[in-house]
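A short write-up of the structure that comes next.
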Amino acid sequence: MDPMEAIKQTFFQECEEQLAELEQGLLAIEGGETDSETVNAVFRAVHSIKGGAGAFGLEDLVRFAHVFETTLDHVRAGRLAPEADLLKVMLRAADVLADLVRAARDGGVVDEARCEVLRAELGAFSGEDETGDGDDGMGELDFQPLSFEPISFEPMAFEPTAIEADPFEPIGSELAFAPELAAADGRTTWIIHFRPHASLYAHANESALLLRELGRMGEVETTLDDSTLPPLADMEPEGAYLAWTVRLTTERDLDAIRGAFEWVEDDCDLKIEREGGAAEVASVQGPDPIELILAKALASAPAPTMEAPPPIPQIAEPAPLDVAALIRKAQAAEEPVLAPANAVPAPAAAHPATANAANATATTATIRVDLDRVDRLIDLVGELVINQAMLAQRVTESGLGRSSGVVTGLDELEHLTREIQDSVMAIRAQPVKSVFQRMPRLAREVAAMTGKSVRLVTEGEGCEVDKTVIERLSDPLTHMIRNAIDHGLERPDKRIAAGKSGEGVVRLSAAHRSGRIVIEVSDDGAGINRPRVKDIAIEKGLIAPDAVLSDEEIDNLIFLPGFSTASEVSDISGRGVGMDVVKRSIQALGGRISVASRPGLGSTFTLSLPLTLAVLDGMVVSAGSQTLVVPLTAIIETLQPKAAEVHPIGEGAHVISIRGGYVPLIDVGLALGYSDEAVEPAKGVALLIEGEGGARAALMVGAIQGQRQVVIKSLEANYRQVFGIAAATILGDGRVALILDIDALVAGQKGLESPAPVLRTAAIG
Amino acid sequence: MNDAAHTHHGRELISFRIGAQEFCVDIMAVREIRGWTAATALPQSPSYVRGVINLRGAVLPIVDLPNRLGYGVSEPTARHVIIVAQIGTQFVGLLVDAVSDILTVTDDMIQPVPDIAPEAVKAFVQGLIAMDGRMISLIGLGRILPDVVQEAA
């Protein structure tokens, strides 16, 4: 790949991350987290996208991001309160920004009118200059040169002084006593020496904006230092030759001023001092010159060029020279050099923002790995597990005693193998957040289309699950959220009439429960309209007109193929594919779906999914002459039935009484065609299982061989799906064993889903 | 190996026996040849699908080729052979009595199948090859596996 193209790909990948962060941040602000860290994260996301887009000449993206950034900047500076209205606009702006990024990546076109509307809306919020900018392109003029030609020493470099700085103001003698005056009116005069490096422009930052930012903080007096400007002939087109000295009178503190330079600190010489004395000095050269010089001398390490801690008062009252302390400090000062991503770990630096920043950097220590490599590793570990099991079995067969060194070594090998397997699986595990975070946008769009008001609440985003599960979760979840809003929630007027808040709540939550992940989508709408569901099912011939169904059974009718309750086919849902598709895709993942609904209070859809598609804890049983694996999660208990407890019910069907209740009894060997005769109750073992939706059944098998973790192998890879079988695995003796698909077995027996054929073929098979 | 010199002119086929008859498949489709191991039976499968075996960690379906071609169900012994063939992206094991030879043939040596042949033969036999007085049927592998599930049962 052309290297530029590769960089661009990386940029787009990062954009996706930034966009996710942006949306998340905005939602957090909407939820009341208006602390500066969150606002900064949002700002940073938009800023990074803008910067990168500038470097690649993605004009549309830059223009939009710029307006967005400006508005965010106002929020960051506290000039705009993050009110609900503003956040709604910003969330929509984030959607447009995402579309623009995707359009830039995939070459699509974004509705220009939509961008324009949002640009205007954002402009309206940020006020003054931006409204003008957004409309007539003034902003672009002001802006374009900086991103596309990182330096331009032409008029624009001088612009800020011309536009922003106040005309010369004679320095009155009283100003020399600024520190004292400052105490009087809360304003301090700072002298800021700012000399950008060429890299600052290369990173798509712009001095003019920084100076303007200072201008917003108070009264400024800016002096340009062009002393290093070479003759035109010697000038590097991408060099940086200008420096500024800004005299700023403001009530804002040092941190606020430093904040303006937050993004460029590494790319400039910056020195901020209080006028009239060196009482408070903050320069990127280091926290405490005297100590640092000593530190340098002692540690012969370069000075840290990172975050400077807030002023240290020691200068005011000279501390006695404690050499030991200085050596400690020297060592401390060395660390930032070794690990430049961390802020100076001196105690003085421990103010919250810096600490957070350091944490944030620490958590992002990740690498990008090609998924194929991970999958290959997982396959190999799977082989290793099987091999280890085979080896163990051979050793057992060879009759070596428990005490022999071989057996002990083998035990250790087993532990290690298990640990390797867990660790490798953990590589593929991802928080469900990556799917969840796509949903707020969907909810907004569906809400806008249906004219409903929706708040999407997400919980448990940190729950981790295998990547394959996550990938295949996106479509069903999308569908369910759409359904919840489109069918579940009522219109605002109806809601209010029903005594509820006009805004509907859709809750999306994830939690780990007994080795599975349980995802719930619930709404506080009207609940399932059971009479209507039943009517439709009868109308469509899905059930007999005189069928007597429990509420639960009626609710479950919506999962039948071809069932769609929307009386009018809407844009959003009701394209003929419905919950049956959702159900099938969840089942394909080895998951279950169920619904609970309360009239007037809403419905809850519960998905229960395996954490990984690679391994499974199973009970190894024999049925007929075959060895089968039953997923352990489905088994509630095992029991030894007595002949008297099994009763025939109709032709060929049996029930077993368990503690007074009757549960259908399925002879596995018979159902799968492995044997012609049912196991005699007293000679076999019954497994009481719970299928999807809580349906119980007892599986009759010949014997239980034991429990083990098995590696799931697909049957479809080389063959096709087989009734009653979920997948295959390889046991310790190297033979293939089949993993039972409990739900299919139960459904096949019940005759609800795939009625006659299953039973008939089962008899033949 | 009759005429190794002709290799780059024609195609190489692997020939095998089923009872007294000889058949062959394109050698490019054959991945390996291995001895018979007991297969795990699959429920609800056609009689010619013997089940699945473990091929170095992959689950490999075994097709009883004689049965697929309309003969009776095989009674595999240790002397039987599994030809592991690739069909599209899938791998499948073909149970045959024995592998006999590698042939090199040119396209003009392959004769069409006469119309009188039974349906089961016509479905899988692509052509006939006469060689040293023997008749060898060329098997096309495309339809060896049962059709994709007609309906999601």
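If B:Ala41 satisfies all but one of (1) among the small types (Gly, Ala, Ser); (2) within 14 Å of chain A (Cβ to nearest Cβ); (3) within 17 Å of the chain's Cα centre (by Cα), what's the number of the condition it fails?
Failing condition for B:Ala41: (3).
Go through A:Asp546, A:Asp580 for me and flag whichever is at pLDDT below 85 and assigned to a helix (DSSP H, G or I). Before the answer, list the steps.
Numbers: A:Asp546 fails: assigned to a helix (DSSP H, G or I).
Only one candidate qualifies: A:Asp580.
Going by the conditions given, is A:Ala588 small (Gly, Ala, Ser) and under 24 Å from A:Glu520 (Cβ atoms)?
Taking the combined requirement at face value, the residue satisfies it.
Could you check A:Arg513 against (1) of a type in the set (Lys, Arg); (2) surrounded by fewer than 16 Cβ atoms within 10 Å (Cβ to Cβ); (3) in contact with a Ser or Thr (Cβ under 6 Å, 6 or more places away or on another chain) and say which number it fails?
Status for A:Arg513: all satisfied but (3).
If the requirement is being surrounded by fewer than 22 Cβ atoms within 10 Å (Cβ to Cβ), more than 25 Å from the chain's Cα centre (by Cα) and at pLDDT below 90, which of these qualifies: A:Lys467, A:Lys494?
Details: A:Lys467 fails: more than 25 Å from the chain's Cα centre (by Cα).
Exactly one residue qualifies, and that residue is A:Lys494.
If I ask for residues that are without any contact (Cβ under 8 Å) to a residue 60 or more places away in the chain and of a type in the set (Val, Ile, Thr), which ones from the stretch B:41-96 would you list?
Across the stretch B:41-96, the qualifying residues are B:Val52, B:Ile53, B:Val59, B:Ile62, B:Val73, B:Thr77, B:Ile82, B:Val84, B:Ile87, B:Thr89, B:Val92.
Filter the stretch A:622-672 for residues that are away from chain B (no Cβ under 14 Å), closer than 30 Å to A:Leu731 by Cα and among the hydrophobic types (A, V, I, L, M, F, W, C) and give the result.
A:Val630, A:Leu632, A:Ala634, A:Ile635, A:Ile636, A:Leu639, A:Leu665
Of the residues A:Ala98, A:Ala124, A:Ala120, A:Ala157, which is open to solvent by less than 30 Å² (accessible area, probe 1.4 Å), at pLDDT 50 or above and in a helix (DSSP H, G or I)?
Details: A:Ala124 fails: open to solvent by less than 30 Å² (accessible area, probe 1.4 Å); A:Ala120 fails: open to solvent by less than 30 Å² (accessible area, probe 1.4 Å); A:Ala157 fails: at pLDDT 50 or above.
The conditions single out A:Ala98.
Name the residue, out of A:Thr188, A:Thr249, A:Thr228, that is among the β-branched types (Val, Ile, Thr) and in contact with a Ser or Thr (Cβ under 6 Å, 6 or more places away or on another chain). Outline the logic, then answer.
Details: A:Thr188 fails: in contact with a Ser or Thr (Cβ under 6 Å, 6 or more places away or on another chain); A:Thr228 fails: in contact with a Ser or Thr (Cβ under 6 Å, 6 or more places away or on another chain).
Testing whether each residue is among the β-branched types (Val, Ile, Thr) and in contact with a Ser or Thr (Cβ under 6 Å, 6 or more places away or on another chain) leaves just A:Thr249.
Tell me which of these A:Glu503 doesn't satisfy, since it passes every other one: (1) in contact (Cβ under 8 Å) with a residue 40 or more places away in the chain; (2) over 16 Å from A:Arg598 (Cα atoms); (3) open to solvent by less than 60 Å² (accessible area, probe 1.4 Å).
(3)
Could you check the stretch A:674-692 and list, in sequence order, the residues that are part of a strand (DSSP E or B), open to solvent by 10 Å² or more (accessible area, probe 1.4 Å) and hydrophobic (A, V, I, L, M, F, W, C)?
Residue satisfying the conditions is A:Val685 alone.
Restrict the check to the stretch B:54-76 and report whether at least one residue is open to solvent by 60 Å² or more (accessible area, probe 1.4 Å), within 30 Å of A:Leu380 (Cβ to Cβ) and not aliphatic (A, V, I, L, M).
Yes - at least one qualifying residue is present in the stretch B:54-76.
Test of understanding: among B:Val81, B:Val125, which residue is open to solvent by less than 30 Å² (accessible area, probe 1.4 Å), in contact with a strand residue (DSSP E or B) (Cβ under 9 Å, 6 or more places away or on another chain) and either modelled with pLDDT of 90 or more or hydroxyl-bearing (Ser, Thr, Tyr) (or both)?
On the way: B:Val125 fails: either modelled with pLDDT of 90 or more or hydroxyl-bearing (Ser, Thr, Tyr) (or both).
So the residue among B:Val81, B:Val125 that is open to solvent by less than 30 Å² (accessible area, probe 1.4 Å), in contact with a strand residue (DSSP E or B) (Cβ under 9 Å, 6 or more places away or on another chain) and either modelled with pLDDT of 90 or more or hydroxyl-bearing (Ser, Thr, Tyr) (or both) is B:Val81.
Taking the stretch A:605-619 as the region of interest, how many residues are part of a strand (DSSP E or B), surrounded by 20 or more Cβ atoms within 10 Å (Cβ to Cβ) and not aliphatic (A, V, I, L, M)?
Initially, the stretch A:605-619 is screened for residues part of a strand (DSSP E or B), giving A:605-610, A:615-619.
Still in the list and also surrounded by 20 or more Cβ atoms within 10 Å (Cβ to Cβ): A:605, A:607, A:609-610, A:615-616, A:618-619.
Subset that is not aliphatic (A, V, I, L, M): A:605, A:610, A:618.
Of the residues in that region, 3 qualify.
For the subset of the stretch A:735-756 comprising residues that are facing chain B (nearest Cβ under 7 Å) and open to solvent by less than 60 Å² (accessible area, probe 1.4 Å), which member is modelled with the lowest pLDDT?
A:Ser754
Pick out the one residue from A:Val454, A:Val369 that is open to solvent by less than 50 Å² (accessible area, probe 1.4 Å), out of contact with any Pro (no Cβ under 6 Å at 6 or more places or on another chain) and away from chain B (no Cβ under 14 Å). Walk me through how you get there before you give the answer.
On the way: A:Val369 fails: open to solvent by less than 50 Å² (accessible area, probe 1.4 Å).
Step by step, each of A:Val454, A:Val369 is checked, and only A:Val454 is open to solvent by less than 50 Å² (accessible area, probe 1.4 Å), out of contact with any Pro (no Cβ under 6 Å at 6 or more places or on another chain) and away from chain B (no Cβ under 14 Å).
Looking only at the stretch A:700-731, which residues are more than 11 Å from chain B (Cβ to nearest Cβ) and not aliphatic (A, V, I, L, M)? Give the steps one after another, and end with the answer.
Taking the stretch A:700-731 first, the residues more than 11 Å from chain B (Cβ to nearest Cβ) are A:700-710, A:726.
Once the filter is applied, which keeps residues that are more than 11 Å from chain B (Cβ to nearest Cβ) and not aliphatic (A, V, I, L, M), the stretch A:700-731 yields A:Gly702, A:Gln705, A:Gly706, A:Gln707, A:Arg708, A:Gln709.
Restricting attention to strands (runs of 3 or more DSSP E) lying wholly within the stretch A:435-525, give those where 2 or more residues are aliphatic (A, V, I, L, M).
Values: elements: A:454-459, A:464-466, A:504-513, A:516-523.
Fully inside the stretch A:435-525 and qualifying: A:454-459, A:504-513, A:516-523.
What single numbered condition from (1) open to solvent by 10 Å² or more (accessible area, probe 1.4 Å); (2) under 27 Å from B:Arg56 (Cβ atoms); (3) more than 36 Å from the chain's Cα centre (by Cα) fails to hold for A:Gly732?
All conditions pass for A:Gly732, except number (1).
Would you pick out the residues in the stretch B:10-56 that are outside any strand (DSSP E or B) and basic (Lys, Arg)?
So the first thing to find is which residues in the stretch B:10-56 are outside any strand (DSSP E or B), and the list is B:10, B:19-20, B:27-29, B:36-39, B:41-48, B:56.
B:Arg56 - this is the single residue of the stretch B:10-56 that is outside any strand (DSSP E or B) and basic (Lys, Arg).
Those residues that are within 21 Å of B:Gly72 (Cα to Cα), among the acidic types (Asp, Glu) and touching a helix residue (DSSP H, G or I) at 6+ places or on another chain (Cβ under 9 Å), I need them from the stretch B:88-139; list them, please.
The one that is within 21 Å of B:Gly72 (Cα to Cα), among the acidic types (Asp, Glu) and touching a helix residue (DSSP H, G or I) at 6+ places or on another chain (Cβ under 9 Å): B:Asp97.
The values are calculated or read from the model by the stated rules, or taken from the named source; none is laboratory data. Please read all numbers here as calculations on a predicted model, not as lab measurements. Methodologically, a virtual Cβ is constructed for each residue, glycine included, from the backbone with ideal geometry; neighbour enumeration extends over all protein chains shown. Quick note on the areas: whole protein, heavy atoms, side chains included, nothing else; ligands and nucleic acids left out. Shrake-Rupley method; radii C 1.70, N 1.55, O 1.52, S 1.80 Å.
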